[in-house]
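Asker: Take a look at the following structure, please.
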Amino acid sequence: MTQQPATTPYNSGMLSNGAHRESDRLASIQRNVDAFTTGILDGLPLKTSWNCLELGAGAGSIAYWLAERCPDGRVVGVDLDTRHLEAGRAANLEIEEADITHEDYAPGSFDLIHARYVFCHLPERDEMVARVTRWLSPGGWLLIEEPFHLPAGSSPFPVVQRILDAYQRMYHEHGADLTWVRGLPALLARHSLTEVAFAGNPGCMGGLGKDRWLPLITQAAPALLADDLITEADLAEFATLLKDPAFIDIPQITISAWGRRPAE
């Protein structure tokens, strides 16, 4: 029986799937990052018979994509809170509500394991990578994608410096490491994965229709204001900046790293 997760900000608070405007945040991520993710997956030797595991499935776009690409296999989408997932979306899709740090799938269960914006939030993220590699079948692939936040003070916009500093501090206080991913390729290699590779996807703040950060800041704003990390004036100035076509910034780079378990 799956052990019930402890209450954390990720399953019952401001960073959970039940948080106000969380669906907007998830939609923004999918809209801006899915093409990059599926491009990497398309570069792997995907087979229609593969068994796939999507960790932290969120609103399900990658799980649905995998279910379509692997119709003769199965896709397991797991999340702490599955309210944004459609279990009946595909016949070969299984939805599990569980804490992945308490799950223990059988060794060799999956041909592909994918996670996006998950490991940076886990308290024992390095140890979890080791566990996940054991769930791979011989020849199976692991793809992990995580944010690498650039220093808030390096932004050319003072209000963005203030907002990003507050945003990064909030996540740090809840145990997230927004620079951990830099060591991920080496970590995969240390766990004996082969063909290790990585790629980067800069995230755009501003740029009018290209912006993906307004939903993230909007969701975080009540907590940031309550903790006196930012002011209403900061948010108003940020909203004004977003209307300026000359406002373009790069707060983070999503780093995707992948590797293959050697065939036995």
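Asker: Those residues that are in contact (Cβ under 8 Å) with a residue 40 or more places away in the chain and either of a type in the set (Lys, Arg) or farther than 18 Å from residue 188 by Cβ (or both), I need them from segment 97-110; list them, please.
Answerer: 98, 99, 101, 102, 103, 105, 109
Asker: Right, next: Any idea which of 230, 217 is open to solvent by less than 20 Å² (accessible area, probe 1.4 Å), under 27 Å from the mean Cα position of the chain (by Cα) and farther than 20 Å from residue 32 by Cα? I'd like the intermediate steps shown before the answer.
Answerer: Working: 217 fails: farther than 20 Å from residue 32 by Cα.
When all the criteria are applied, what remains is 230.
Asker: So in segment 67-81, with the set limited to residues that are free of Cβ contacts under 8 Å to residues at least 40 places away in the same chain and of a type outside the set (A, V, I, L, M, F, W, C), which one is least open to solvent (accessible area, probe 1.4 Å)?
Answerer: 77
Asker: Could you tell me whether residue 255 is β-branched (Val, Ile, Thr), within 21 Å of residue 27 (Cβ to Cβ) and under 21 Å from the mean Cα position of the chain (by Cα)?
Answerer: no
Asker: What do you reckon, is residue 132 β-branched (Val, Ile, Thr) and more than 25 Å from residue 247 (Cα to Cα)?
Answerer: Judged against the criteria, residue 132 is a match.
Asker: Further question: Checking the conditions here, which among 101, 82 is over 25 Å from residue 255 (Cβ atoms), polar (S, T, N, Q) and in a loop (DSSP other than H, G, I, E, B)? Let's see the steps before the verdict.
Answerer: Numbers: 101 fails: over 25 Å from residue 255 (Cβ atoms).
Step by step, each of 101, 82 is checked, and only 82 is over 25 Å from residue 255 (Cβ atoms), polar (S, T, N, Q) and in a loop (DSSP other than H, G, I, E, B).
Asker: Answer yes or no: is there a residue in segment 119-134 that is charged (D, E, K, R) and surrounded by 20 or more Cβ atoms within 10 Å (Cβ to Cβ).
Answerer: Among the residues of segment 119-134, at least one is charged (D, E, K, R) and surrounded by 20 or more Cβ atoms within 10 Å (Cβ to Cβ), which makes the answer yes.
Asker: Within segment 244-257, can you find the residues that are open to solvent by less than 70 Å² (accessible area, probe 1.4 Å), under 24 Å from residue 182 (Cβ atoms) and in contact with a Gly (Cβ under 9 Å, 6 or more places away or on another chain)?
Answerer: Matches in segment 244-257: 249, 251, 252, 253, 254, 255, 256.
Asker: Additional query: Return the residues of segment 228-251 that are assigned to a strand (DSSP E or B) and either under 30 Å from residue 134 (Cβ atoms) or among the acidic types (Asp, Glu) (or both); say none if nothing qualifies.
Answerer: Result: 249, single match.
Asker: For segment 104-116, name all the residues that are open to solvent by 10 Å² or more (accessible area, probe 1.4 Å) and closer than 29 Å to residue 253 by Cα.
Answerer: 111, 116 - these are the residues of segment 104-116 that are open to solvent by 10 Å² or more (accessible area, probe 1.4 Å) and closer than 29 Å to residue 253 by Cα.
The values are calculated or read from the model by the stated rules, or taken from the named source; none is laboratory data. These figures come from a predicted structure and were not determined experimentally. Virtual Cβ from ideal backbone geometry, glycine too; neighbours counted across all protein chains shown. Surface accessibility is based on the protein's heavy atoms, side chains included, excluding ligands, DNA and RNA. Shrake-Rupley method; radii C 1.70, N 1.55, O 1.52, S 1.80 Å.
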